[in-house]
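The structure under discussion appears below in the form of structure tokens.
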Amino acid sequence: MAGRHTEARFEFYFRKNMTPQHIADMFDDFAEDYEQEYMNVGLRTHVVVGDFMAKTIPKESRPKVKILDVAAGTGLLGNELKNRGFTHIDALDPAEKMLNVARRRNIYQQLICAFMKKNRNDTIETDCYDSIVASAAVNEGLIPCDAFQEMIRIVKPGGRIIFTVPTKYINNSDNLRDRLLPLIYQLAQEGVWEVTSVALADGDLSSLNGPGTLFSLKVLVSEKTF
């Protein structure tokens, strides 16, 4: 568990004053220990997202679905998707050492070392993916709310952005509480996407996080600036 910013690995309060690069450095420093440490607290977000994808996409269609796993980390969600018959999966994460661990799984067709943020990533074409998925990534210091602008651009109209978020993170994070939910429902009113939300019980995401929500946002436009 040695490395930079160790106190912020599980105590998200410490992330409020960290830069995105600090966060990436933190994950790089415990890339080899990440899975064991998070399994010790019962992390299940990757299972929840994998199950939702399998329930909503017929088995025969899964090999054709092009997926971007955002904040892919060591590939836990990618592995769940592969086990459910999805084969066309790319990974994006800013922590290079985390992606190096993911690379060993031989799941992803592309591994993109980059932040998901508001600014355009010119290496990813507009309307490129059928689905964007994120597991344990919409919380303090990880995917910012304004990054949904870029996710809207790179997912095809009719495609979905799927992610989970614990209720306590929304309640405790100014960024999530004051921006995430208002943004989701504002863009729904504007016809940018249709919102499906699935309530998650205490323990569904991990033994630490309490209840939460899985959001599935069906994107209806190619781009939206906000």
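Yes or no: Lys218 surrounded by 14 or more Cβ atoms within 10 Å (Cβ to Cβ), in contact with a strand residue (DSSP E or B) (Cβ under 6 Å, 6 or more places away or on another chain) and either among the hydrophobic types (A, V, I, L, M, F, W, C) or at pLDDT 95 or above (or both)? Spelling it out, Lys218 is indeed surrounded by 14 or more Cβ atoms within 10 Å (Cβ to Cβ), in contact with a strand residue (DSSP E or B) (Cβ under 6 Å, 6 or more places away or on another chain) and either among the hydrophobic types (A, V, I, L, M, F, W, C) or at pLDDT 95 or above (or both).
Does region 49-65 hold any residues that are surrounded by fewer than 22 Cβ atoms within 10 Å (Cβ to Cβ), of a type outside the set (Lys, Arg) and either in contact with a Ser or Thr (Cβ under 8 Å, 6 or more places away or on another chain) or outside any helix (DSSP H, G or I) (or both), and which are they?
Residues of region 49-65 that are surrounded by fewer than 22 Cβ atoms within 10 Å (Cβ to Cβ), as a first pass: 51-52, 54-65.
Then drop every residue that is not of a type outside the set (Lys, Arg), which leaves 51-52, 54, 56-58, 60-61, 63, 65.
Those that are surrounded by fewer than 22 Cβ atoms within 10 Å (Cβ to Cβ), of a type outside the set (Lys, Arg) and either in contact with a Ser or Thr (Cβ under 8 Å, 6 or more places away or on another chain) or outside any helix (DSSP H, G or I) (or both): Phe52, Thr56, Ile57, Pro58, Pro63, Val65.
If you go through region 196-223 and pick out every residue that is under 30 Å from Cys128 (Cβ atoms), of a type in the set (Gly, Ala, Ser) and part of a strand (DSSP E or B), you end up with 3.
The values are calculated or read from the model by the stated rules, or taken from the named source; none is laboratory data. None of these values were measured; they are calculated from a predicted model. Quick reminder, even Gly has a Cβ in these numbers, built from the backbone with ideal geometry, and neighbours come from all protein chains shown.
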